[in-house]
1. If I measure Cβ to Cβ between cysteines in the chain, which ones have no partner under 4.7 Å?
2. How much of the accessible area of the chain, probe 1.4 Å, is carbon plus sulfur, in whole percent?
3. When the helix-only estimate is applied to the chain (DSSP H runs of n ≥ 4, each -39,500 (n - 2.57), divided by the residue count), what is the mean residue ellipticity at 222 nm, nearest 500 deg cm²/dmol?
4. Could you name the lysines in cross-link range of K158, using Cα to Cα under 17 Å and dropping any fewer than eight places away on the same chain?
5. Roughly how many Å² is the accessible area per residue of the chain, as a whole number, for a 1.4 Å probe?
6. Using the Cα centre as the reference, give the magnitude of the dipole from point charges on the C-beta atoms of the chain (Lys, Arg: +1; Asp, Glu: -1; all else neutral), rounded to the nearest 20 debye.
Amino acid sequence: MGSRFGSVGRRLSSSSAGKSFRATLFPGHGIGPEISAAVVKILEESKVPITWEEHIISVDNVKPGQDIVSREALDSVLKNGYALKGPMATPIGKGYRSLNLTLRKELGLYANVRPCKSIPGVNTAYQDVDVVTVRENTEGEYSGLEHEVAPGVVESLKVITKNASLKVAEYAFSYARANKRKMVTAVHKASVMKLSDGLFLSCTQEVAKNYPDIRYEEMLIDNAASYLVSNPGRMDVMVMPNLYGDIVSDLCAGLIGGLGLTPSGNMGKGCMMAEAVHGTAPDIQGMDMANPTALLMSALMMLRSMDLHDTADKIAKATYTVLKEAKVGPPLASAQKTLNPTAY
């Protein structure tokens, strides 16, 4: 079976045959430790040559405003080059900096990549979805620059830089070429945000000139959303600023069955972090109901970035067989026990 979700991220210069790896594991919160344990077990059963360095990230004993992610945990990822992260929750409205944003910014994970492809056996409105969102990961509306101008008036700054825009555009086009995709669409709202989104478009246009084999187009965010829900086959690889990517990537996940089935990889210079992007689901924590499919699919993105394609394909084939034979229930419910690649 081919690499369903494509080749992504930090690539090795030579074959990985006989090579062993170290990777950082963030089990996460809620159901995170359960699904992380399930994925680690699947990889061990499949003889994947990974040694894990586990780091627990928690708000316990940390005051609002302090760093929740330790320097030791960050250095572990930078040293190993690979990380797998379960779902995490940041307390809302209590002064804590977003855990996910902290990891992305501190590790320089400038591009979030989410391939969304229809899965046989998962009944959705469309069965021909095959799109990839490439989202700028470090700035935009998520720069964290907000202040109160006057009582009842809050200003939030959107930051777009040439450097970050060029990097994410280059990644999108190189991904498209490496995975034999035909088109890259720059998604924007430059009709209103003429300077910020205008700069983003000028960067994608500049990069597109170096990829004459890839068709390039630009599309307003509202038009892109309309196409995705009415004719998703029209779209291919999409690259966009942070906020648009956050929304559009979740929309695409819904087209194939939800976030519980969707892989996600964060790419940086010299490291990548695969993650589950669904919630922590505390209502089913400890009930042996959490389905690890999304985290497993994300882990396979990590394996492919290690050039462990054959192993990744074997596990993927087993996973799709399980889903097709309806051995699991809804995306975030049903037992992880059935998701056993060694059974196929």
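1. Here C203, C271 come out as lacking a disulfide-compatible partner, given the Cβ-Cβ threshold of under 4.7 Å.
2. Using a 1.4 Å probe with all protein chains present, the chain comes out at 52 percent carbon and sulfur.
3. Working: 9 runs with 116 residues, N = 344.
My calculation for the chain gives -10500 deg cm²/dmol from helical runs alone.
4. Straight-distance partners of K158: K105, K189, K194.
5. Details: 14840 Å² over 344 residues.
Roughly 43 Å² per residue, with all protein chains present.
6. Values: 37 positive and 35 negative charges, 189 e Å.
The dipole of the chain has a size of about 900 debye.
The values are calculated or read from the model by the stated rules, or taken from the named source; none is laboratory data. What you are looking at is a predicted structure, and each value in this text was computed from that prediction instead of being measured. Please note: Cβ atoms are built from the backbone with ideal geometry, for glycine as well, and neighbour counts cover all protein chains shown. SASA here: full protein model, heavy atoms, side chains in, ligands and nucleic acids out. Shrake-Rupley method; radii C 1.70, N 1.55, O 1.52, S 1.80 Å.
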